[in-house]
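In what follows, a single structure is set out as structure tokens and then discussed.
The values are calculated or read from the model by the stated rules, or taken from the named source; none is laboratory data. Model, not experiment: these values are computed from the prediction. Cβ: placed from backbone, ideal geometry, glycine included. Neighbour counts: every protein chain shown.
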């Protein structure tokens, strides 16, 4: 099984520039563009994109912050943010500590690549470093709010409360409800 092509990343004047080979993206450029427009409407940092030759070029603001420090305040903000984007039909697909940056006491969700990158053959699995995405959910066509919930639940359960994530009835809960449930259940044990 061939892994996804390498993505060229450079940092110039506080910008991250990523060049994605078009052959590793969704076939329909209109679909990618609509997803990028939707992301742009909801993320808290600036980015732009354009098509050139055989690449999609994505330029995003460099967020000079620290990785999330697991304060309940930050996690509540992140849960609320995830619930908001999920209500709009947008899913990140790779929720884990290194994709959540805290700057000026506000959490930023970064690296939206799984939301729009897809192999032409959707049966291929995208290699992921995320511990929050189950193997069967790494296929980009299966990224849903549940994918994000799994990553977020794993993050808050194992990293904060040092316990195995409880996935019972998870599909029915919002991220905010999951966080409240984890906080409550950990304080009573």
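Within the stretch 40-95, being touching a residue at least 40 places away in the same chain (Cβ under 8 Å) and assigned to a strand (DSSP E or B) holds for 57, 58, 59, 60, 61. Can you tell me which residue within the stretch 16-28, out of those that are closer than 19 Å to residue 60 by Cβ and assigned to a helix (DSSP H, G or I), is modelled with the highest pLDDT? Among those residues, the one meeting the criterion is 22.
For the residues 177, 158, the requirement of being closer than 17 Å to residue 87 by Cβ and modelled with pLDDT of 75 or more singles out 177. Taken over the stretch 159-170, the criterion of being part of a helix (DSSP H, G or I) and either over 18 Å from the mean Cα position of the chain (by Cα) or within 16 Å of residue 91 (Cβ to Cβ) (or both) is satisfied by 160, 170. Listed conditions (1) touching a strand residue (DSSP E or B) at 6+ places or on another chain (Cβ under 6 Å); (2) modelled with pLDDT of 75 or more; (3) part of a loop (DSSP other than H, G, I, E, B) are all met by residue 5, apart from (2).
When the stretch 96-117 is filtered for residues that are part of a helix (DSSP H, G or I) and closer than 20 Å to residue 59 by Cα, the ones remaining, listed by number, are 98, 99, 113, 114, 115, 116. Exactly one residue out of 85, 72 is buried (at least 16 other Cβ atoms within 10 Å of the Cβ), within 18 Å of residue 177 (Cα to Cα), modelled with pLDDT of 85 or more and in contact with a helix residue (DSSP H, G or I) (Cβ under 8 Å, 6 or more places away or on another chain), and it is 85. Scanning the stretch 180-189 for residues that are at pLDDT below 75 and either within 20 Å of residue 80 (Cβ to Cβ) or in a helix (DSSP H, G or I) (or both) gives 183, 184, 185, 186, 187, 188. The set of residues in the stretch 138-155 being modelled with pLDDT under 75 and either part of a loop (DSSP other than H, G, I, E, B) or crowded, with 20+ Cβ neighbours inside 10 Å (or both) consists of 138, 139, 140, 143.
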